[in-house]
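Okay, so here's the structure we're looking at.
Values in this text are rule-based calculations from the coordinates and carry no lab data. Not measured: the values here are computed from a predicted model.
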Amino acid sequence: MTKDDLRLIKTRSMPLALLALFGLGSTHAPVQADERPNRTAGVNFVGGLPELLGVQFTYQGFRSVVLGMGFGALPINALVNRAVKLSSMPLTMTSGGPYEIVPSASYSLSQYSFFAKVFPWNGNFFVQTGYASLNASGSLVGDLRNESTGGSTAGAMTGTVRFTQPVVQFAVGWDFLFSSGIFFNAGVGASYLMVPSSTVAVGGAITNFIPLDPAAEQSFEEAKASIRSQVETGVQSIRGVTRFFPSVFIGVGWAFDFG
């Protein structure tokens, strides 16, 4: 074999060496459409709407269908308190005072969901449909403040807020499943807002904190009704009148076999 032949062999072998060096064709490369692994289950950490920030558990026993359920939450207290501003309510009293009820509230948001993904060509593209329940809850506290002295009594008024928004989701997306089981996915679509349900309950008795005063009792009941109305109006204004909102999500997870 001549020196020219050896030089030709080295030149032709160089691209193969580069492919091996950079891992192309390794076990961590994305699988092709006709090579999609058939995994049994998966865990996906996801962020988006209506998923919020959460985790999803999937059953992947079918090659082209993934079934799953998810749970998520999102800190919304600061956002809701900026949107729903509660006003202090003065109390009418026969004697003493003047007093006012100073309300405050804290809110949280969670969700649970069920969904199905279909991979029509056993590749990376998928169509997803699902149902989610967005559940907002809150606690109300009204302090009784003496405007003359500035002193206050905590918890003269207490209450709870419950708001449930059912959602039907439709989205399309891309799922990059690696042969190692690691996957990345993202989707975009629309969610249909079904009829929501809400309750706002406000309680407390003024006679637990100041002497019996019929005028104060009536004024306290009016204050509770006003604060209840403020919360109900504020929650409904955040929800709005729209029936649709965008659905977008991104996630990373691991698909695996068991059993």
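Here are the numbers:
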{"read-out": "In sequence order, calculated HN-Hα J values of segment 196-207 (Karplus, 6.51, -1.76, 1.60; Hz; x Gly/Pro)", "value": "x, 10, 8, 9, 10, 10, 10, x, x, 9, 5, 5"}
{"read-out": "Translational diffusion of segment 93-200, µm² s⁻¹ [Kirkwood Rh, Cα pairs; Stokes-Einstein; 25 °C; 0.890 mPa s]", "value": "136"}
{"read-out": "Sequence-separation-based contact order of segment 51-206, relative, with Cα cut under 8 Å and 6+ spacing, percent", "value": "18"}
{"read-out": "Karplus-derived HN-Hα couplings along segment 120-133 (A = 6.51, B = -1.76, C = 1.60, θ = phi - 60°), whole Hz, x at Gly and Pro", "value": "x, 10, 6, x, 8, 6, 9, 10, 10, 9, x, 10, 9, 10"}
